[in-house]
Amino acid sequence: MKREQYIPFDKEFLLEKQIAEYTSDKKDAESLKKLFDILEHYFHYEAFDLIRKLKQNYALFDPDLNPKEREGFIGKSNFQIFKETLLKVLERGNYVRVEQETIDEALKQSDLIGLKLAINFNDFKDYGLFVRGHHYN
């Protein structure tokens, strides 16, 4: 079974535990707090940058934009970069791709209320289904 890649504790709780365990004076505690602050800002910036890349590289392909608005993104949006960035966001969010065999099997069966799905995958150049967590039937 694949383990989740997150720590199920609040960051302040972790910081306080680290201070209690590894620091003996106030100066060390303040240094550790500064380090945690720097790390938090780094990851915040990294996430902000990923969101910026997603928005910029999707804009030209956004069906909700009118053609005049879309013109401003010609040469600035790149679908391949959008796709790569989205996959990185999903991976860091602990999402995993559902295997094609699982999708095929699910489409052969109906759900609990008798709804049967029929999707023409020829309508899509590329597609993927992602889930997070462990699910058992």
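Summary of values
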read-out	value
Structure-derived Cα Rg over 2.2 N^0.38 Å - corresponding label in [x] 1.40; [y] 1.03; [z] 1.54	[z]
Label point at K17 placed 7 Å out along Cα→Cβ; residues across segment 33-68 whose backbone nitrogen lies under 17 Å	33, 36
Sites K26 and L50 - FRET efficiency at Förster radius 35 Å, r taken between beta-carbons, to 0.05	0.45
At R0 = 41 Å, FRET efficiency that the Cβ-Cβ distance of D37 and K76 yields, to 0.05	0.75
Cross-link table K88/K125; K53/K116; K11/K88; K55/K108; K33/K53; K55/K116, entries beyond 27 Å C-alpha to C-alpha	K53/K116; K55/K108; K33/K53; K55/K116
Listed residue (L15, Q109, L87) projecting farthest to the positive dipole end of the chain, Cβ model	L87
Lys, Arg +1 and Asp, Glu -1 on Cβ, resulting dipole of the chain about Cα centre, debye, nearest 20	260
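Rule-based calculations on the coordinates, nothing more; no lab input. Fair warning: this is a prediction, and the values are worked out from it, not measured in the lab. Reconstructed Cβ throughout: ideal geometry from the backbone, glycine too, with neighbour counts over all protein chains shown.
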